[in-house]
Amino acid sequence: MGSLSIWHWLIVLLVVVMIFGTKKLRNIGSDLGGAVKGFKDGMKDGSAPETPAAPNAQQVANNAAADKSTIDVEARQKS
């Protein structure tokens, strides 16, 4: 009773095809294949994606000055 026979798998497959339809299953399969291929290509490159540079303090200050709803506070450490 613990293992499923070939008939059980065929019935499950038939129910899945009836619920989702062959077109949707084909699309899911191609999407999954594309994702796996993209993952393999990314792993093959071996380089980490570049992180964007942090904005400098002057840019942050200019953006804060332009936005009047921003409140600038200085955090202090409790002693």
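Bear in mind these aren't lab numbers, they're just calculated from the coordinates by the rules spelled out. Computed from a prediction, not measured in an experiment: that's the story for all the values here. Here Cβ is always computed from backbone atoms with ideal geometry, including for glycine, and neighbour counts include all displayed protein chains.
Data overview
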read-out: Estimated vicinal HN-Hα couplings, Hz - the stretch 32-38 in sequence order (Karplus 6.51, -1.76, 1.60; Gly, Pro = x); value: 5, x, x, 5, 5, 5, x
read-out: Contour minus Cα-Cα distance for Leu10 and Lys78 (0.36 nm per residue); value: 17.8 nm
read-out: Ranked Arg76, Arg26, criterion: other C-beta atoms within 10 Å, fewest first; value: Arg76, Arg26
read-out: Cα-only Debye scattering, the stretch 1-45: base-10 log of I(q)/I(0) at q = 0.30 Å⁻¹; value: -0.96
